[in-house]
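A.B. asks: Please find one structure pasted underneath; my questions will follow.
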Amino acid sequence: MLQIAFRIHITSPLPADLGHIPFAPEIDFSALMAAAGASGALDPNSIEVYAGHRRIEYALGDDLLYGERGTLEWALADAGCRDFEVRFSVADRRPPLAVRARVPLVGIGDLLRYNAGVPRPIALGGSGRLVDLTGDGRADLVGCWNYYHRPGTPISGVVCFPRRDGAMQYGDMARLRYVEPRGAEDLHHFPGTYVHADFADIDGDGLCDLVFADQRDGSVGFFLNTGKRDGGGWPIFVRDQVVAVPFAKIDDLQLVDVDGDGALDLVVNGHCLRNENAAGWPFVPADPVDLGAGAAPALLDLDGTGTLALVQLEQAEGAPFARRLLWRPQEEPLTFGAAGDLGLIGPEDCCSWVRAVCDGNRQGLLLQCAAYQELRFYPLEGPRRFGTPQRLESLAAVAAWSDQAWPCLCDWNGDGVQDLLIGGGYGWPRIVRNEGSDQRPAWAEPELLFSEGAPIRVLRDDLLHSCHWHNMGYPYPVYADWDGDGLPDLLLPNETNRIVWYRNIGTRDKPAFGPRQFLAVDGFVDSEQARAASGRLCAEENVPNQPYPRDPRAPFFWRTGAAFADWNGDGLLDLIAHSHERRATLFEQYIAGDGARRLRMAGPVRLEDGRQIDDSIVGRDKHWTESFRAIDWDGNGLIDLIYNLAGSGEIYLLRNVGTKQAPLFAEPRQMACYGEPIAFTLHGPNAWPGDYNGDGKPDLLGCVEWSVYPFYAHAALEMAEHPRYEIGDVRILD
């Protein structure tokens, strides 16, 4: 293959005191090939970056998944290194993108990856199927993402993980797009936040089409495969028929020939809309028939008779994720018999959805397990008999750790290497061990934490003795020495207006935790009865700001992360959090006359102009899932505040311009990446400041709804613009 090289020279000054500098030059490989007189396609797997004779690790920007123009991303560890050479090969046709064993963290919103050197699980929002979209004869994973992903990319959407080498091994997630009308050139992403899709050959032309619905649209759109592909090899669809459905909210969508007449039917929310067109296309819907198996059943021929049975997840006794997998035989068309237990899963599997899929000539079930963190394929090997499940994985897997798993960077076991402590919407804090180094992290899979022999879990109803519709956990974990015994403890602000903590009764290298305790503040009664009263308050429908009302019986505000640090210089750990009045407030530890440690409300913290730190300083009007974080951002010995906002997804730095004994804060500065304000996710970002790349400077690791983690390096947050650069002339290599 023809190999082409070109040089990149950085023309702007580079600071030497800000740590690693992210660099992401945009490159038009098509134009470079044309300049070299070459015809063909970019081989993205051939790209190499050099600084002198040293090969540089880099990441591909997302645009290069879909074409030949996009960014290469790497970090400049040496501000004096300003010249690079990029080499790439020209192929007759673009090859599939290979899976890379390691993708470096750069620091411009790129996502944290396991980088473990072994395959790790991949995650999907919903609508999972196995179909060949790439045309290589292997079944790819398709479905929908939910909410935010990498900053700057669309919300939600229809996505594909291409099948790669290995039993159930996949490459990076790509987004599918469509045109409207047929023949148009502009490509559109599938719109909406809570979206659903399914995939099949709708019009009988041998190509995989799809149906798509936004949850609130009340209709299903049919998108046909045009037979054309974009610059990355992904099929292009065209919007065609739209079918109204009598559901105000669409929670599941499937294309299945339920009655066996050869025409694909629609199954929406567990209701079958038969296709009355025997030819199959266009779709002619009959009135919906309830299949009697809940909102999201799977349909699979379980016994080889050619007749589909229903498979459904049913809530079992116990926790919300305790489910059984049942089946129902189809006794007459669209009529199903009594349920039986397939015995495939238990409560510990924490399954959330099931789909019938076909992996080549293997039929089976695809289940989302481990509280949205894993996908498992159960191959059907005989009548109602399944083989060993296979987990869907990738060597380059992005870390995706379920619902709102806010991060905390910490050295968990005292080995001098930073680990990640994470929360989770369903209440389980977990530890993710770094099996590499601070400079080259390699992340293990999350592990539960235990207290008195049981997994630690915090939920609203458990803490407040209530029965609330929003029975979530949302811990904002912090690992810090609360009681001054030299061992870091587990501190858990959470969904409620109480903060719980677990004393470390283990050792520095092997943490272990005692029973749950509550942070008690002078002047506030903490008791089972007081917490239950807060729970009853939330049951009152007319109380403003539900499910997070003002509650003067509690010192803290709901669902707010706290900044733990020694804020007054006395050597004891304090915290800044929102009080019940929704103002940033300092809570100080002190030693009482009896020698016991106590906690008191010291009062609101302020800006240097005297204003209190409340909604008005950042222009917010809603309160849910914000957080404060403590960090010496500028290295001057004073602890500063990072303030994360929900709703807008903005992050603010409040520099401490006071003293170690009396913090006072400068005007909030919205964090920006090379001058572009950072604002991503509705429910986060709850970014944790710390040194994630080993350069000695604090960075930010944010988090979105389904817990992928955008990373921003210190230099990108401090510099006003991306380094300027020039691309030199091309040359053909021998």
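A.B. asks: Rg and Dmax of the stretch 433-482 over Cα atoms: what are they, in angstrom?
C.D. replies: Taking only Cα atoms of the stretch 433-482, I get Rg and Dmax of 15.6, 46 Å.
A.B. asks: Once every DSSP H run of n ≥ 4 in the chain is given -39500 (n - 2.57) and the sum is divided by its residues, what mean residue ellipticity at 222 nm do you get, rounded to the nearest 500 deg cm²/dmol?
C.D. replies: On the way: 4 runs with 28 residues, N = 734.
Result for the chain, helices only: -1000 deg cm²/dmol.
A.B. asks: Still on this structure, please answer the following. Viscosity 1.306 mPa s, temperature 10 °C: what is the translational diffusion coefficient of the chain from Stokes-Einstein with a Kirkwood Rh over Cα pairs, rounded to a whole number of µm²/s? Walk me through the numbers before you get to the answer.
C.D. replies: On the way: Rh = 27.7 Å.
In µm²/s, the coefficient rounds to 57.
A.B. asks: Once you charge only the Cβ atoms, +1 for Lys and Arg and -1 for Asp and Glu, what is the size of the charge dipole of the chain about its Cα centre, to the nearest 20 debye? Show your work: numbers first, answer last.
C.D. replies: On the way: 66 positive and 104 negative charges, 146 e Å.
For this selection, approximately 700 debye.
A.B. asks: A follow-up question, please. Given axes a ≥ b ≥ c from the Cα gyration tensor, I'd like to know whether the stretch 333-466 is rounded (a/c under 1.5), prolate (a/b larger than b/c) or oblate.
C.D. replies: Working: a/c = 2.90, a/b = 1.58, b/c = 1.83.
It is oblate, given that a/c is not under 1.5 and a/b is not larger than b/c.
A.B. asks: Provide Rg and Dmax in Å for the stretch 1-80, with only Cα atoms included in the calculation.
C.D. replies: 13.9, 44
A.B. asks: Apply 1/(1 + (r/R0)^6) to the Cβ-Cβ distance of His9 and Asp230, taking R0 = 35 Å, and write down the FRET efficiency to the nearest 0.05. Walk me through the numbers before you get to the answer.
C.D. replies: On the way: r = 32 Å, r/R0 = 0.90.
Using R0 = 35 Å, I get an efficiency of 0.65.
A.B. asks: Would you give the gap between the C-alpha center of the stretch 518-542 and the C-alpha center of the stretch 254-321, rounded to a whole Å?
C.D. replies: 46 Å
A.B. asks: Then there's this: Going out from 0 in 20 Å bins, what whole percent of all Cα-Cα distances in the stretch 407-712 drops into each bin?
C.D. replies: In whole percents, the pair-distance histogram is 34, 61, 5.
A.B. asks: Then there is this: Which of Tyr476, Tyr692, Tyr426 comes first, and how do the rest follow, when ranked by fewest Cβ neighbours within 10 Å?
C.D. replies: Working: Tyr476 29, Tyr692 26, Tyr426 23.
Fewest to most other Cβ atoms nearby, the residues stand as Tyr426, Tyr692, Tyr476.
A.B. asks: Checking the cross-link filter: which aspartates and glutamates have an alpha carbon closer than 17 Å to that of Lys697, excluding same-chain neighbours under 8 positions apart?
C.D. replies: Asp17, Asp78, Asp411, Asp419, Asp438, Asp632, Asp634, Asp640, Glu718
A.B. asks: Continuing with the same structure: Which trypsin sites (Lys or Arg not before Pro) from the stretch 169-205 combine a DSSP loop assignment with at most 11 other Cβ atoms within 10 Å?
C.D. replies: On the way: sites: Arg175, Arg177, Arg182; in loops: Arg182.
The qualifying sites are Arg182.
A.B. asks: What does a probe at Glu26 reach in the stretch 711-728, counting residues whose amide N is under 13 Å from the point 7 Å along Cα→Cβ?
C.D. replies: Under 13 Å, as judged by backbone N against the label point of Glu26, lie 722, 725 of the stretch 711-728.
A.B. asks: Hey, another quick one. Can you give the % of DSSP beta bridges in the stretch 498-639 that are antiparallel, to the nearest 5? The partial results should precede the final answer.
C.D. replies: Working: 20 of 22 bridges.
Bridges in the stretch 498-639 are about 90 percent antiparallel.
A.B. asks: Right, here's the next one. For the stretch 443-489, which chymotrypsin sites (Phe, Trp or Tyr not before Pro) are in a loop by DSSP, counting at most 13 other Cβ atoms within 10 Å? Intermediate results must be reported in sequence, preceding the final value.
C.D. replies: Details: sites: Trp443, Phe450, Trp469, Tyr479, Trp482; in loops: Trp469, Trp482.
Those that pass, being in a loop and sparsely packed, are Trp469.
A.B. asks: Normalise the Cα radius of gyration of the stretch 663-734 by 2.2 N^0.38 Å (N = residues in it) and let me know the number.
C.D. replies: Values: Rg = 16.8 Å, N = 72, 2.2 N^0.38 = 11.2 Å.
Scaled against compact globular proteins, the figure is 1.50.
A.B. asks: In addition: Taking a ≥ b ≥ c as the square roots of the eigenvalues of the Cα gyration tensor of the stretch 616-655, is the shape rounded (a/c under 1.5), prolate (a/b larger than b/c) or oblate? Kindly include the intermediate steps, with their values, before the conclusion.
C.D. replies: Working: a/c = 3.17, a/b = 2.42, b/c = 1.31.
Because a/c hits 1.5 or more and a/b exceeds b/c, the stretch 616-655 counts as prolate.
A.B. asks: If the reach is capped at under 13 angstrom between alpha carbons, list the aspartates and glutamates near Lys249, excluding any in the same chain fewer than eight residues apart.
C.D. replies: Correct list for Lys249: Asp214, Asp217.
A.B. asks: Now, a different point. Which ³J(HN,Hα) values, rounded to whole Hz and listed in residue order, are derived for the stretch 28-33 from phi using the Karplus coefficients 6.51, -1.76 and 1.60 in 6.51 cos²θ - 1.76 cosθ + 1.60 with θ = phi - 60°, glycine and proline given as x?
C.D. replies: 9, 5, 4, 5, 5, 5
A.B. asks: Rg and Dmax of the stretch 120-394, using alpha carbons, in Å: what are they?
C.D. replies: That works out to 17.8, 54 Å for Rg and Dmax.
Here, each number is a calculation from the coordinates, and none is a lab measurement. Computed from a prediction, not measured in an experiment: that's the story for all the values here. Every residue, glycine as well, gets a Cβ built from its backbone with ideal geometry; the counts of neighbours run over all protein chains shown.
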